[in-house]
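**Q** Take this structure first; my questions come after.
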Amino acid sequence: MNLKGGYLKLKPMAFTPSNPPNSGGFPPRSTGRFPNPNFSKDEHRINERIRVPQVRLIDENGGQVGVVATIDALRMARERNLDLLEVSPNSNPPVCKICDYGKFKYEKKKKENQAKKKQVVIKVKEMQFRPSIEEHDLDYKLKAIRSFIEEGDKAKLVIMFRGREIAHTQHGFDILKKVSEALKDIAITETPAKLEGKKLMMILAPAPKKT
């Protein structure tokens, strides 16, 4: 600060997130379990982020409280040291539940992980043949295809025709028929043999398990 020409000149104060305007230099007051809704990145609306005047309230034990003012629902959640969670935003009024939001997110994540583990990922593994394939080579490929099917994957069988071989496609159909017959104990024909350009293709899938 200095005086010059009878005027008082003050150095401008730089405002930062911890020193916002009109705060007197003090950081904003913490709200404990109920943070500033503008800074929340949660996928669900909770606590002060719920802006509607009324909600249909469910207590922490799953009991139906009924339609209450949102401010009263928040007060009830505070008294229990819990959160107010919006579970059905499209209802009229929205349905909210008193719960421990941290525990709610943990349980939800746990269920999602369990669901992922139960998902069966089926792969399509390709096996290529030549129209002039020898018998011992065909037996070798049959064993490989059988292992694909037994592991729960599908098998895409492809026969490539080159040059004048395209004039003898029936031989390719006969090969694929032989393969499907050899594997009929564990596989079904999902996509029948079909000629596309110079490629003859067929897809085998694991046969449904007998109950």
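Readers should treat all values here as calculations from the given coordinates under stated rules, not as data from a laboratory. The structure presented is a predicted model; accordingly, all values stated were derived computationally and were not measured. Cβ sites come from the backbone with ideal geometry, for glycine too, and all protein chains shown count toward neighbours.
**Q** Debye sum, Cα scatterers, region 124-206, no solvent: what log₁₀ I/I(0) at q = 0.25 1/Å?
**A** Reported log10 I(q)/I(0), two decimals: -1.25.
**Q** So for Ile166, Ile145, fewest C-beta neighbours within 10 Å to most, what's the order?
**A** Ile166, Ile145
**Q** If you take every DSSP beta bridge fully contained in region 124-206, what fraction is antiparallel? Give it as a percent rounded to 5.
**A** That works out to approximately 70 percent antiparallel.
**Q** Between Asp100 and residues 5 or more places away or on another chain, which pairs have amide H atoms under 5 Å apart, with H built 1.01 Å from N, and which residues are they?
**A** Distant-sequence amide H within range of Asp100: Asp83.
**Q** Right, another one. Could you list which residues have their amide H under 5 Å from that of Ile188, counting only those 5 or more apart in sequence or on another chain, with H placed in the peptide plane?
**A** Residues meeting the amide H criterion: Ala205, Ala207.
**Q** Okay, moving on. Considering every pair of different Cα atoms, what Kirkwood radius, in Å, is found for region 38-113?
**A** 12.5
**Q** Just rank Arg51, Arg45, fewest to most, by other beta-carbon atoms within 10 angstrom.
**A** In increasing order of surrounding Cβ atoms, one gets Arg51, Arg45.
**Q** Let me spell out the model: positive unit charges on the Cβ of Lys and Arg, negative unit charges on the Cβ of Asp and Glu, origin at the Cα centre of region 37-114. What dipole size does that give, in debye rounded to 20?
**A** On the way: 15 positive and 12 negative charges, 41 e Å.
I would put it at about 200 debye.
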